[in-house]
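What follows is calculated from the coordinates using simple rules that are stated; it is not laboratory data. What you see is a predicted model, and the numbers here were worked out from it, not measured in a lab. Glycine gets a Cβ as well: all are built from the backbone with ideal geometry, and neighbour counts include every protein chain shown.
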Amino acid sequence: MKNRLRLAPSPTGLLHIGTARTALFNWLYAKKTKGEFLLRIEDTDISRSKPEFTKNILEGLSWLGLNWDEDPINQSERIDEHKVIIKKLLDEGVAYRCFMSEKESQQLRETQKKNGLPPKHDNRYRDLSKSQIESFINEGKSSVIRFKIDDNAQISWHDQIRGEIKWFGKDLGGDMVLSRRTNGDDIGSPLYNLAVVIDDNFMNINHVIRGEDHISNTAKQILIYKALNYKLPKFSHTPLILNSEGKKLSKRDSVTSIDEFREMGYLPDALTNYMALLGWSPKSGENEILSLEKLSKTFDLKDVNKAGAKFNWEKLNWINSQYIKNMDSNDLFNIFRIYWEKEKWEIPSQQWGLNLTLLIQDSIIILRDVIDQSKPFFKLPEVDNKGLDFLKNNDVKSILENVIDLLSKKSQSINHNDIKEIIEEISNKYKIKKGILMKSLRIAFFGCLSGPDLIESWLLLSEKGEDLSRIQRCLDII
Ligand code: GLU
């Protein structure tokens with residue numbers, strides 16, 4: 001039978017990097033084993049679920065290239081089915097109606113706290129008689145449905161990442177709530193642990209890969225699988241993504257939604273490559289730059305770590321810069337144009353735009369760096385302090401006057417060789433160190449002492465007819 005894996009996001013927020021990484025591991029494993037990757041939108045929490053979040057999650061996954069194999073299932077459309085099954089569990093006596101009020105729960109928690117005990121439901125409504133239940137209902141008491149968890153139950157499974165995992169019923173917090181609170185003998189809408197089991201079974205999911213924060217849920221869910229006589233899927237619990245303090249990366253950390261990464265200028269391939277390395281690594285010595293295609297061949301659950309994976313911006317940036325470096329320059333130019341158009345910066349010709357792209361391609365880390373790096377080619381920059389000091393301490397004036405003199409003797413459009421000749425001639429004739437000459441020109445053109453290749457930069461300015469005017473501006477400053 002084919003492997004069937006799924007992502008089951010709750011549409012209560014934007015697609016988060018943790019969810020995207022879970023999606024990636026599921027997707028990679030599905031591809032590697034020629035299985036299927038499915039989606040289920042867990043939208044039964046009506047107050048917090050929003051269609052715009054579902055849209056954002058689907059768009060984010062598509063942007064990352066994590067396509068799914070069947071139409072996504074909306075869990076909310078299956079609520080009636082969930083209720084039928086809760087009713088069955090009630091009828092079988094595996095589950096029961098619990099009338100514990102909010103006040104009673106609070107008192108229980110307080111007593112436990114006083115006695116230094118962890119919070120645990122005490123199952124006090126487990127053994128009511130039929131008539132007691134009826135009279136509570138008639139009194140108008142509200143209730144939830146709970147699933148009985150025997151303290152002595154032993155639950156174990158072989159986790160594909162973590163090996164043998166064992167749990168005891170007594171450590172699961174008491175009888176588990178299956179449905180939300182209702183009045184009368186209604187059954188409230190289903191809660192996660194119940195709905196997830198019914199729907200994973202319905203979708204024929206045979207391998208569940210999700211974050212390690214779900215391990216205790218898995219123990220609870222196994223009890224429900226058994227009560228319903230469903231076939232157990234395999235389980236794999238991935239390590240969490242941690243922030244720099246070693247805590248679970250959360251919405252409170254600066255950038256966490258896939259949208260934000262996208263806006264900052266991370267490429268989808270670089271992001272999936274980096275996410276794969278959060279908790280997994282290729283065999284030692286192997287290249288870490290791996291496309292989705294390559295990853296889906298190399299990835300293996302048995303190589304996934306158990307320990308949490310710290311989010312490392314430097315590594316992500318390095319990977320992104322590698323993807324940008326290796327990108328087809330025409331494709332990159334088409335991306336850069338969009339940034340330039342937004343800034344209303346006009347390129348004099350296609351070729352000029354492509355040449356500028358080629359000039360800065362290797363120094364771009366995230367796409368939005370293109371703004372800072374290309375701005376000096378569109379807008380005349382101020383001379384910075386280091387530049388002003390340099391102008392003060394060197395005889396830049398005569399150097400620049402000589403450049404203007406030689407430039408005016410050249411034909412209108414200069415080329416690479418013309419520039420080389422000008423530099424040679426001035427440095428030989430006036431015994432000026434080339435370094436000083438080049439720095440003087442850099443300040444004249446760009447107002448600072450560093451930047452990309454000077455000759456190529458000069459050519460770009462010259463094509464825009466701005467080299468002479470910028471040198472003249474510098475002379476005015478001096
Ligand atoms: N809706 C759950 C979540 O987003 C799904 C967890 C699971 O994969 O079972 O955490």
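Given 0.36 nm per residue, what is the gain on full extension from Lys342 to Lys231 after removing their alpha carbon distance, in nm? Spell out each step's value before the answer.
On the way: separation 111, 0.36 × 111 = 39.96 nm, distance 5.49 nm.
Computed gain between Lys342 and Lys231 is 34.5 nm.
Would you mind getting me the FRET efficiency between Asn183 and Glu52? Use the beta-carbon distance for r and R0 = 25 Å, nearest 0.05. Mind dumping the intermediate values first?
Numbers: r = 32 Å, r/R0 = 1.27.
For R0 = 25 Å, the calculated efficiency reads 0.20.
Taking H as built 1.01 Å from N, whose amide H comes closer than 5 Å to the amide H of Arg181, not counting residues under 5 places away?
Those qualifying (amide H under 5 Å, at least 5 residues apart or on another chain) number zero.
Taking the alpha carbon gyration tensor of the stretch 59-129, what are the square roots of 5 times its eigenvalues, largest first, to the nearest whole Å?
Three semi-axes, in Å: 38, 23, 10.
Can you list residues from other chains, or at least 5 along the same chain, whose modelled amide H is less than 5 Å from the amide H of Asp159?
Glu164, Ile165
Alpha carbons only, please: Rg and Dmax for the chain, in angstrom.
In Å, with Rg to one decimal and Dmax whole: 32.3, 111.
Report the one residue of Ser10, Val94, Ile46 whose Cα lies farthest in the direction of the positive end of the charge dipole of the chain (charges on C-beta: Lys and Arg +1, Asp and Glu -1; origin at the Cα centre).
Val94
Using DSSP H assignments, which helices in the chain have an axial alpha-carbon span of 24 Å or above and a mean Kyte-Doolittle hydropathy of 0.5 or higher? Don't skip to the answer; put the middle values down first.
Numbers: long enough: none.
Taking the DSSP H segments of the chain (at least 24 Å long, mean hydropathy at least 0.5), we get none.
Please find the FRET efficiency linking Glu421 to Ser398, where r is the Cβ-Cβ separation and R0 is fixed at 25 Å, and quote it to the nearest 0.05. Numbers along the way, then the final one.
Details: r = 19 Å, r/R0 = 0.75.
So, using R0 = 25 Å, E works out to roughly 0.85.
Give, as ranges by residue number, the residues of the stretch 223-257 whose backbone N falls under 12 Å from the point 7 Å along Cα→Cβ of Lys88.
Hits in the stretch 223-257 for Lys88 at 12 Å: 225-231.
Let's test the formula: R0 of 56 Å, r as the Cβ-Cβ distance of Lys434 and Glu260. What FRET efficiency results, to the nearest 0.05? Don't skip to the answer; put the middle values down first.
Working: r = 45 Å, r/R0 = 0.80.
After rounding to 0.05, the efficiency reads 0.80.
Contour minus end-to-end for Asn305 and Trp63, with contour as 0.36 nm per residue of separation and end-to-end as the Cα-Cα distance? Working shown, then result.
Numbers: separation 242, 0.36 × 242 = 87.12 nm, distance 2.66 nm.
So the chain would gain 84.5 nm between Asn305 and Trp63.
Give the residue list of chymotrypsin sites (Phe, Trp or Tyr not before Pro) in the stretch 38-87 that are DSSP loop and have at most 14 other beta-carbon atoms within 10 angstrom.
On the way: sites: Phe53, Trp63, Trp68; in loops: Trp68.
Passing both the DSSP loop test and the Cβ count: no residue.
In nm², what is the average projected area of the convex hull enclosing the Cα atoms of the stretch 156-244? Spell out each step's value before the answer.
On the way: hull surface 30.3 nm².
Averaging across all directions leaves 7.6 nm² for the Cα convex hull.
What distance in nm lies between label points placed 7 Å from Cα along the C-beta direction at Asn330 and Ser281?
3.9 nm
Spin-label point model (7 Å from Cα, Cβ direction): what's the Glu245 to Gln412 distance in nm?
6.4 nm
Give the separation of the Cα centroids, the stretch 200-271 to the stretch 1-71, in Å.
The distance from the Cα centre of the stretch 200-271 to that of the stretch 1-71 comes to 10 Å.
With N set to the number of residues, divide the alpha-carbon radius of gyration of the stretch 291-340 by 2.2 N^0.38 Å and report two decimals. Walk me through the intermediate numbers first.
On the way: Rg = 15.6 Å, N = 50, 2.2 N^0.38 = 9.7 Å.
The reported ratio for this selection is 1.60.
Report the far tail of the P(r) of the stretch 79-228, meaning the percent of Cα-Cα pairs longer than 21 Å.
Working: 5464 of 11175 pairs.
The proportion of pairs with Cα distances above 21 Å equals 49 percent.
For the chain, what is the percent of antiparallel DSSP beta bridges, rounded to the nearest 5? Before the final figure, lay out each step's value.
On the way: 18 of 32 bridges.
Around 55 percent antiparallel, to the nearest 5.
Once every DSSP H run of n ≥ 4 in the chain is given -39500 (n - 2.57) and the sum is divided by its residues, what mean residue ellipticity at 222 nm do you get, rounded to the nearest 500 deg cm²/dmol?
Values: 20 runs with 232 residues, N = 478.
Using -39500 (n - 2.57) per qualifying helix, the result is -15000 deg cm²/dmol.
Please identify every one of the GluC sites (Glu not before Pro) in the stretch 57-115 that sits in a loop by DSSP and has no more than 15 other beta carbons within 10 Å of its own beta carbon.
On the way: sites: Glu59, Glu70, Glu77, Glu81, Glu92, Glu102, Glu104, Glu110; in loops: Glu70, Glu92.
The qualifying sites are Glu70, Glu92.
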